[in-house]
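Trainee: The following block contains the structure, expressed as structure tokens.
The values are calculated or read from the model by the stated rules, or taken from the named source; none is laboratory data. These figures come from a predicted structure and were not determined experimentally. Positions of Cβ are backbone-derived with ideal geometry, glycine not excepted, and every protein chain shown enters the neighbour counts.
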Amino acid sequence: MACNKHRDSMIATRLRPQWVWVWGLIFALLVIMAGGSAVAAPLGQTVPPPTPPPPPTEVPQATATPRRDSNDSDLQPAPPTATPQTRVNDPPAQPPPGGNDSTAVILAERLNVRAGPGTAFGVIGVVIEGETVRLIERNADSSWFRVCCATGTNTEGWVSAPFIRLNFDPAAVTTLVPLASETSAVSTAVESTAASSTITESITVTESVTAAAAPATPAEVELTIAQTPPFAQQGDEVTLTFVVTNLGTTTASQVELRDEFPAELFFIEARAANNADLLEEELDEGRLAIIITWPEVAGGAAVSATVRLRIAEDMADGTVIDNLAVISTAGGEPFTTGISIGMPPAALPTFQ
């Protein structure tokens with residue numbers, strides 16, 4: 001019996017650590033269960049659904065504030081914004097005043113207006129480049145036009161045809177612009193009619209003058225320009241020689257040479273032979289132009305003129321000065337010839 005008790009005591013002693021571990025595990029499970037019940041909802045309680053976000057607040061739209069009319073009888077909405085209207089009834093630009101629409105645009109910077117159709121007549125005014133003038137009448141070969149008017153005045157005068165651009169078909173010039181002789185003839189006819197009360201006499205006078213105004217065939221001319229000395233530098237004087245040659249067999253009339261010198265060339269003097277008319281014209285910025293006119297150059301003949309110039313001293317090496325001249329004849333188309341005056345090169349060439 002004592003042996004059994006001793007055996008049971010030994011067994012209990014061996015199993016005691018294992019029971020401690022089992023009881024500790026049971027206690028831990030109870031603690032975990034107790035903690036989970038603390039955060040869980042009570043049995044039978046319904047968890048409310050999440051609250052939805054509030055709907056966006058609608059911003060009220062601005063409305064036009066009504067106003068009352070002058071009688072306060074009703075509310076009138078604010079007047080609508082006026083829509084800009086395109087003006088379609090504006091009067092078109094009018095040509096210079098006159099008896100017809102035959103006009104021309106000035107091409108030269110400052111073109112002389114003369115008392116008659118030719119450089120032999122005195123200068124009575126000028127017209128400026130880009131201005132529009134009215135064509136009143138023309139000479140027999142349409143190389144000169146009487147226009148209205150000189151810049152800043154009401155003065156009528158004559159300008160050279162090569163320096164204007166017609167605002168209509170040049171082929172219609174004889175139809176749109178009357179001959180100066182025809183205008184004079186009409187005036188003479190009126191006076192003759194008033195004196196004799198005979199219409200036949202006025203018609204006879206007009207026909208006789210018109211028949212004498214037959215245009216001449218334009219001649220063909222050539223212009224060459226030569227420089228002396230051929231090489232120049234800053235501050236040097238150079239001479240330009242102009243030679244006009246009539247290449248045709250008919251006589252060329254009113255042969256005109258015009259040269260507007262660039263600002264880099266300072267004018268000293270000009271000379272022309274063969275009964276030439278020489279005119280100097282001041283341009284803007286101190287520049288100068290020369291106009292040389294020969295009344296006639298026979299077929300196969302040549303005329304010449306020389307101009308002395310001084311090159312500006314502040315020109316940079318390598319600069320090239322271009323000088324252009326215009327030649328024209330009565331009834332002929334003007335054309336341009338030029339010459340280039342080069343300064344010493346900026347860098348000397350390397351020879352291998």
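Trainee: For the structure I just gave you, tell me whether Ala302 is at pLDDT 90 or above, under 27 Å from Ile128 (Cβ atoms) and surrounded by 14 or more Cβ atoms within 10 Å (Cβ to Cβ).
Mentor: On the way: at pLDDT 90 or above: yes; under 27 Å from Ile128 (Cβ atoms): no; surrounded by 14 or more Cβ atoms within 10 Å (Cβ to Cβ): yes.
No, not satisfied.
Trainee: Select the strands (runs of 3 or more DSSP E) contained entirely in the stretch 123-175, then report the ones holding at least 2 residues which are of a type in the set (A, V, I, L, M, F, W, C) and surrounded by fewer than 17 Cβ atoms within 10 Å (Cβ to Cβ).
Mentor: The strands (runs of 3 or more DSSP E) meeting that bar are 123-128.
Trainee: Which of the residues belonging to the stretch 311-333 are more than 31 Å from the chain's Cα centre (by Cα), surrounded by 16 or more Cβ atoms within 10 Å (Cβ to Cβ) and closer than 30 Å to Phe231 by Cβ?
Mentor: Ile311
Trainee: Please note which strands (runs of 3 or more DSSP E) are completely contained in the stretch 255-352 and include at least 3 residues that are in the same structural domain as Thr228 (by TED's automatic domain parsing) and within 30 Å of Leu166 (Cβ to Cβ).
Mentor: 277-282, 288-297, 320-328, 335-342
Trainee: Can we say Asp169 is more than 32 Å from the chain's Cα centre (by Cα), modelled with pLDDT of 65 or more and assigned by TED's automatic domain parsing to the domain that holds Gly125?
Mentor: Taking the combined requirement at face value, the residue does not satisfy it.
Trainee: Next question, about the same structure. Looking at the stretch 252-288 only, could you name the residues that are in contact (Cβ under 8 Å) with a residue 40 or more places away in the chain and among the small types (Gly, Ala, Ser)?
Mentor: Ala252, Ser253, Ala263 - these are the residues of the stretch 252-288 that are in contact (Cβ under 8 Å) with a residue 40 or more places away in the chain and among the small types (Gly, Ala, Ser).
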